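First the structure, in the form of structure tokens, and then the observations on it.
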There are 4 protein chains.
Amino acid sequence: MKYTDLIAACQQEWQEYTEHEFVSQLADGTLDQTCYLHYLKQDFLFLKQYARAYALAIYKARTLSDMRQALPSVHALLEHEINHHITYCSEWGITEADLEKEPEDAGTVAYTRYVLDTGMAGDMLDLFAALAPCSIGYAQIGKRLLSNTDASKLADNPYASWIKLYGGEEFQQSVGQGTEQIDALLADVDINSRRGQQLIQVFATATRMEVAFWQQGLDILR
Amino acid sequence: MKYTDLIAACQQEWQEYTEHEFVSQLADGTLDQTCYLHYLKQDFLFLKQYARAYALAIYKARTLSDMRQALPSVHALLEHEINHHITYCSEWGITEADLEKEPEDAGTVAYTRYVLDTGMAGDMLDLFAALAPCSIGYAQIGKRLLSNTDASKLADNPYASWIKLYGGEEFQQSVGQGTEQIDALLADVDINSRRGQQLIQVFATATRMEVAFWQQGLDILR
Amino acid sequence: MKYTDLIAACQQEWQEYTEHEFVSQLADGTLDQTCYLHYLKQDFLFLKQYARAYALAIYKARTLSDMRQALPSVHALLEHEINHHITYCSEWGITEADLEKEPEDAGTVAYTRYVLDTGMAGDMLDLFAALAPCSIGYAQIGKRLLSNTDASKLADNPYASWIKLYGGEEFQQSVGQGTEQIDALLADVDINSRRGQQLIQVFATATRMEVAFWQQGLDILR
Amino acid sequence: MKYTDLIAACQQEWQEYTEHEFVSQLADGTLDQTCYLHYLKQDFLFLKQYARAYALAIYKARTLSDMRQALPSVHALLEHEINHHITYCSEWGITEADLEKEPEDAGTVAYTRYVLDTGMAGDMLDLFAALAPCSIGYAQIGKRLLSNTDASKLADNPYASWIKLYGGEEFQQSVGQGTEQIDALLADVDINSRRGQQLIQVFATATRMEVAFWQQGLDILR
């Protein structure tokens, strides 16, 4: 099977995630800034756990080649992406101290710990099936918003930088490489086997946790 | 330090958890039945992960004595409590098939996977600090609702059985034994040490995830 | 594939394990008692880790049914088998205090931690593939020694009780049930797939660690 | 407590490790080349597991700072040290294909999986206590052999390169930094507390597994 089979097997959850109200409001610039700031702070906490998940992939690897494939993600997260995120947050008036003292919201905990526990209990393929909705979904959302002017606007949109980041060439290419790795791992798995069905279940649950992650950004206003 | 120090260190979160609106409505019988049924189904999914967490405690144990202390919980959950829960659910019209096909909601995932990941990444004391809000909180809620007729009513309350279960002697005693075990583990830890502060952080986060678990029961009506 | 395919794929290692010099000397009663006592003490330490491994299987399980299948092993080990072993050791003049203060020898560490780490890094099937040489090998050795009077003698053999235990009906039946469970897990796996080859590799390595476990019993005399 | 307390608490095991016969023969150049080649091949397999252990440290970390402290070790191992080892082995006539097909010997499994399992079951401090004998012991051995001409000879010694590597400035400095990190983690721990005693036990067991690792190099001749 391929990663596209995972998406095809949970169309409804995938749509709820990639076309979530938070995304629509971000796309047309109507998202309340309080929601966006909450999202940015939670995303910082998310990135820490994300780095732990790729470190877990190295621990789980059976071959040097697999270990080396996971290393650049850990390295990029800890040495670059988290710092970039801190810089980006500071442009929105959020200090590093604000980020450090922010408590993890339930949606953040739900997605990240689901990934980590599923990866630990299962094998490396379970881990990547749980990680996949994040990068693949962001790439799909970014591409749609950047290219489809019906779905988004870039002028006079305070969140245009978000759209350009995830819709941009660099992010799209990096996710493209990631999906090739996932497809290589999935190549041995028959979609109709017990293993195939387990992976669909993992991917669908992780996708629903991504929905909860968007939703918590809106719920801050409740 | 003692388990009461953990509670004292996060009074606000503890109150939000133990006096949550879901609990208040359950106490006076005004809780919408849809909410209660959702809670019951999620609680079934919770119990599976709870059994995994106590199995993790056996894996984590350094001594035979610690392994044997965790075993009765795994045994009780897998051999009795989950079956009792299935029976109880059937009295509310929920079949075992309903329970099995219920997707895990984000609050359920958040609390259970936080416990499992925190326990795996830390040591046995982290695991028990993350588990503690569940049993201790339920015991405190049950006791208050059963004894305080201002806070609850037992007559004409469809949820009286819940109050009697968690306020009852058997549950209270079992939690009492559990807190003795936690206090024995905590005895070595200075509340002001780095270790003490880590455990407070774990307990507080787990307590906030319990709040999310109650909240998802109300959110089903949104 | 079936468990017999795992054995067939590492005939040489399997023979070195099941026909090890330690076993031959135990079979004909010529084994130095110092070696046997060392083996008994290490086996006590082994059983603790073995209980952790079955607890790990509960943590790793995806279904209630799989959790319940692993529970009796944890229960039997912690509530009965370890105590029986302590009693048996006392008949050989080894006190419980002796057992508790015995340092784990390298062969004991090698086999048990290989099982635990392989099970943690992989999934439940990796765990059972690493556990399998122990029970299946002991059953095969016990059966051969009890039935084949060329290979062993039971009269005037101080180790006859060992042969009767592992060759006996109760142990044989219990291992028979275990191999059915392993075969159920293996049923989906093609022996020629990457997964099949990984499992063969795990089983073969675990078998070699069993050889090291026997060998350390003899090496005590060096 | 400090790392020197760990060594002081297991003087006998430490001496058996750092003054092992394998080391003495390597120091004076009398070590059979078969033994050295076996050691080199096992050391390659060791390095893979060592990288997994540092990846586990990132997974186990509670803070970004701790994650970043473990990253350089993973990076150095996967991007440099393993390749250097392959190059060094080729100078001794061992090809990369030889290294890949070499089965892990029991001493290699014992030490590496003890580290990984102890680190997983305990917390980050347990992991570092189990890792410590390796780097600290090699640094101590290297320093002694390079500086003490009674204990070693460098001229006409085929193993002089080994002594120069581990006795050299670069390795000594890197281990010096590592021991500072361990001391920072140990600073909170009272040597006489239950925690202090657990860490001593972990360090002593890991040291004994290092003895087994040296011994397997000599045992290849049996």
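Throughout, read-outs are computed from the coordinates displayed, never taken from laboratory work. This one's a predicted model, so the numbers in the text were calculated from it and none came from an experiment. Backbone-built Cβ (ideal geometry, glycine too); neighbour counts: all protein chains shown.
Assorted remarks:
- Inter-chain neighbour count for C:101-107: the average number of beta-carbon atoms from partner chains within 10 Å of each residue's beta-carbon is 5.
- In sequence order, calculated HN-Hα J values of the stretch C:80-92 (Karplus, 6.51, -1.76, 1.60; Hz; x Gly/Pro): 10, 4, 5, 5, 4, 5, 4, 4, 4, 4, 5, 5, 9
- D:Glu170/C:Arg194 FRET efficiency (R0 35 Å; Cβ-Cβ; nearest 0.05): 0.35
- The overall shape of the stretch C:3-219 is prolate: from the C-alpha gyration tensor, with semi-axes ordered a ≥ b ≥ c, the ratio a/c is 1.5 or greater and a/b exceeds b/c.
- Backbone geometry of the stretch C:52-63 corresponds, through the Karplus equation with coefficients 6.51, -1.76 and 1.60 at θ = phi - 60°, to 3J(HN,Hα) couplings of 4, 5, 6, 5, 4, 4, 5, 4, 7, 5, 9, 10 Hz, x marking Gly and Pro.
- Couplings 3J(HN,Hα) of the stretch A:186-196, computed from phi: 7, 4, 7, 9, 7, 4, 8, 6, 4, 5, x Hz, in residue order, whole Hz [Karplus 6.51 cos²θ - 1.76 cosθ + 1.60, θ = phi - 60°; x for Gly and Pro].
- CD proxy at 222 nm, helix term only [per DSSP H run n ≥ 4: -39500 (n - 2.57); per residue of chain B; nearest 500]: -25000 deg cm²/dmol
- Model label sites at A:Lys101 and B:Thr95, defined 7 Å from Cα along the beta-carbon direction, differ in position by 5.4 nm.
- Overall form of the stretch C:1-121 per C-alpha gyration tensor (a/c, 1.5; a/b vs b/c): oblate
- Taking label positions 7 Å along the Cα-Cβ direction at both D:Arg68 and B:Glu19, the computed distance is 4.2 nm, reported to one decimal.
- With 19 Å as the limit on Cα-Cα distance, the pairs of D:Lys143/D:Lys164; B:Lys48/B:Lys143; B:Lys41/B:Lys101; D:Lys41/D:Lys101 that go past it are B:Lys48/B:Lys143.
- The protein assembly as shown - convex hull of alpha carbons, volume per residue in Å³: 172 Å³
- Global form of the stretch C:90-222, assessed from the alpha-carbon gyration tensor, a/c cut-off 1.5: oblate
- Inter-copy label distances for D:Glu169: 4.4, 7.7, 7.8 nm (label point placed 7 Å from Cα along Cα→Cβ; shortest first).
- Residues of the stretch B:111-155 with amide N under 14 Å of a point placed 7 Å along Cα→Cβ from B:Asp28: B:149-154
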